[in-house]
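The values are calculated or read from the model by the stated rules, or taken from the named source; none is laboratory data. Please read these numbers as outputs of a predicted model, since none were measured by experiment. So basically every Cβ, Gly included, is an ideal-geometry build from the backbone, and we count neighbours across all protein chains shown.
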Amino acid sequence: EEKTKSVFENNKYLTGDTAYYDEDGYIWFIGRNDDVIKSSGYRVSPFEIESILQQHPAVLECAVTGVPDPRRGQAIKATIVLTKLYEASEQLRISILDWMKEKTASYKHPRIIEFVTSLPKTISGKIRRVEIRENDQKKE
């Protein structure tokens, strides 16, 4: 009952999503409050970084999460599934990082890239970032 009360404010249900209205009145989704990464004093949307990464020809799909970092609070980590034309390598990792530098501000760049064969998903196909974060904690 207490948890249910905590998600209501002024008779509105707060979904836990972050969004904003643009000058034309459109609503732009940024991400879930629990997924937002706080890195070097900036609030970074995983959704925004994923959208940029998915434009790279090597990236089939990806998930962006925050991992503990002593200097930044959290470092940005990209977990990437590659298309069939690419193989994981240090050269590809550097290439993706260089490509990101052309596309967005430096505080939004992933500091860690992990190549995987698949991402954990729900039955409906949504990526389970929480599972990626849990796996990262086990690796520490």
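Brief remarks follow.
- Number of residues in the stretch 106-125 that are surrounded by 10 or more Cβ atoms within 10 Å (Cβ to Cβ) and closer than 20 Å to residue 48 by Cα equals 12.
- Only residues that are at negative phi, free of Cβ contacts under 8 Å to residues at least 60 places away in the same chain and surrounded by fewer than 19 Cβ atoms within 10 Å (Cβ to Cβ) were counted in the stretch 35-44, giving 3.
- Matching residues, the stretch 76-105, being farther than 29 Å from residue 43 by Cβ and touching a helix residue (DSSP H, G or I) at 6+ places or on another chain (Cβ under 8 Å): 86
- Top-ranked residue of the stretch 85-105 - restricted to ones that are at pLDDT below 95 and among the basic types (Lys, Arg), ranked as farthest from residue 51 (Cα to Cα): 101
- Test: residue 119 is closer than 25 Å to residue 17 by Cβ and assigned to a loop (DSSP other than H, G, I, E, B): yes
- Whichever residue in the stretch 21-46 is closer than 15 Å to residue 107 by Cβ and assigned to a loop (DSSP other than H, G, I, E, B) and, among such residues, is modelled with the lowest pLDDT: 36
- Single residue of 18, 4 found to be in a strand (DSSP E or B), modelled with pLDDT under 85, farther than 25 Å from residue 138 by Cβ and of a type in the set (S, T, N, Q): 18
- Every condition in (1) without any contact (Cβ under 8 Å) to a residue 60 or more places away in the chain; (2) not in a helix (DSSP H, G or I) holds for residue 65 except the one numbered (1).
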